[in-house]
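Report on the following structure.
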Amino acid sequence: MKLSIIVPCYNEESSVDEFYNQLTTKLNEKKIGYEIIFVDDGSKDDTSNKIEEIIKKDKCVKLISFSRNFGKESAMLAGLDHATLDYIAIMDADMQHTPSMLISMYEKLIDNKEYDVVCAYKAKRNDENPIKRTLTSIFYQINNHISEVKLLPGASDFRVFKKDVKDAILTLKENKRFLKGIFSWIGFNTIYVPYQPEKRLYGKSKWSIIKLIKYSLDGMISFSTMPLKALFMIGVVIFIIGLLNFILMGHLSSKTIILFVSIIMLSIGVISLYVERIYNNVLKRPNYIIKKELGFSKKTTK
Ligand code: UDP
Ligand code: MG
């Protein structure tokens, strides 16, 4: 059995060597054949050169370099597009996802033939700042109410899965991808295993609160039109209230008008999120552009 390991990297020059050493030590110990696909997501530091040095020593390592920063979702997609082996894993380069956890997830998948995906989820979120924790919890609550795909709170992109699952993911051609939602939407049997992410080895997380809110909103509307239906219902209610008010009192109070205008502004906001998606999907721009690929033509696995 062989494992393709996809590793999105953005400014990870300090981590890649240690990540590679620790990962391959574990894989060799367990005699697991592998290919490691590093996706350099437009790093501004020396990440690409570090990976090129590794490729000189190890023919099972590959590099995809993007022309600019397209985001982790695009990096994961490029990895999936290029992965060739029977089992696929996605893990971060910053050592928050440990190689030993990866191996135990892989072994779980091999031992449980009826399962297709092993997904690590953060059981405790006590280490995060309270604002991030509260926002994340609100996101899961709202999403699981309105969306046709249910997400397990804390479920991460750290997963190991069969090739069939990868093929199913790649049938979805949408722009602005939300992989956690896609995993849930395509189905398949998933085992969830709790994990506690390690501290980042170097550097800091690329997520700001604003980025997180934007990502969560994108994720929510990727799989639900419920907000649009809710707007229609709110519109009907406002129309009835407004009409009654007008008939009974002959005019609308300024407070009522302010309330109505605020609701209309909010509605435009919600609609614009969907319009943005339509715009992006109509243009059909690619999710990423590759500047350089290394290691793909030669013998690819051990
Ligand atoms: N990453 C990426 N593109 C980006 C941001 C992040 O490929 O635009 C990579 C990053 O190098 C890391 C993984 O995605 O390997 C997770 O990023 P990060 O550690 O910043 O997120 P967190 O662990 O805080 O969720
Ligand atoms: Mg991280």
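The values are calculated or read from the model by the stated rules, or taken from the named source; none is laboratory data. Because the structure is a prediction, the values reported are computed rather than measured. Counting neighbours? That spans all protein chains shown, and the Cβs are built from the backbone with ideal geometry, glycine included.
Scanning region 22-35 for residues that are within 16 Å of ligand 2 (Cβ to nearest atom) and in contact (Cβ under 8 Å) with a residue 12 or more places away in the chain turns up at least one hit. Of the residues screened, Ile213 is one that is surrounded by fewer than 16 Cβ atoms within 10 Å (Cβ to Cβ), within 16 Å of ligand 1 (Cβ to nearest atom) and either without any contact (Cβ under 8 Å) to a residue 60 or more places away in the chain or under 26 Å from Leu283 (Cβ atoms) (or both). Among the residues of region 96-105, is any in contact (Cβ under 8 Å) with a residue 40 or more places away in the chain and farther than 14 Å from Val193 by Cβ? Yes, there is a match, as at least one residue in region 96-105 is in contact (Cβ under 8 Å) with a residue 40 or more places away in the chain and farther than 14 Å from Val193 by Cβ.
For region 96-105, the criterion of being over 23 Å from Leu201 (Cα atoms) and out of contact with any helix residue (DSSP H, G or I) (no Cβ under 8 Å at 6 or more places or on another chain) is met by no residue.
The set of residues in region 89-120 being more than 16 Å from ligand 1 (Cβ to nearest atom) and of a type outside the set (A, V, I, L, M) consists of Ser100, Ser104, Tyr106, Glu107, Lys108, Asp111, Asn112, Lys113, Glu114, Tyr115, Asp116.
Evaluation of Ile257 against the conditions (1) within 16 Å of ligand 2 (Cβ to nearest atom); (2) in a helix (DSSP H, G or I); (3) over 22 Å from Ser137 (Cα atoms) shows that the sole unmet condition is (1). Elements of the type helices (runs of 4 or more DSSP H) sitting completely within region 1-103 and holding at least 3 residues that are buried (at least 24 other Cβ atoms within 10 Å of the Cβ) and at pLDDT below 95: there are none. Take Ser262 and tell me if it is part of a helix (DSSP H, G or I) and surrounded by fewer than 11 Cβ atoms within 10 Å (Cβ to Cβ). It is true that Ser262 is part of a helix (DSSP H, G or I) and surrounded by fewer than 11 Cβ atoms within 10 Å (Cβ to Cβ). Scanning region 147-165 for residues that are buried (at least 19 other Cβ atoms within 10 Å of the Cβ) and part of a helix (DSSP H, G or I) yields one hit, Val165.
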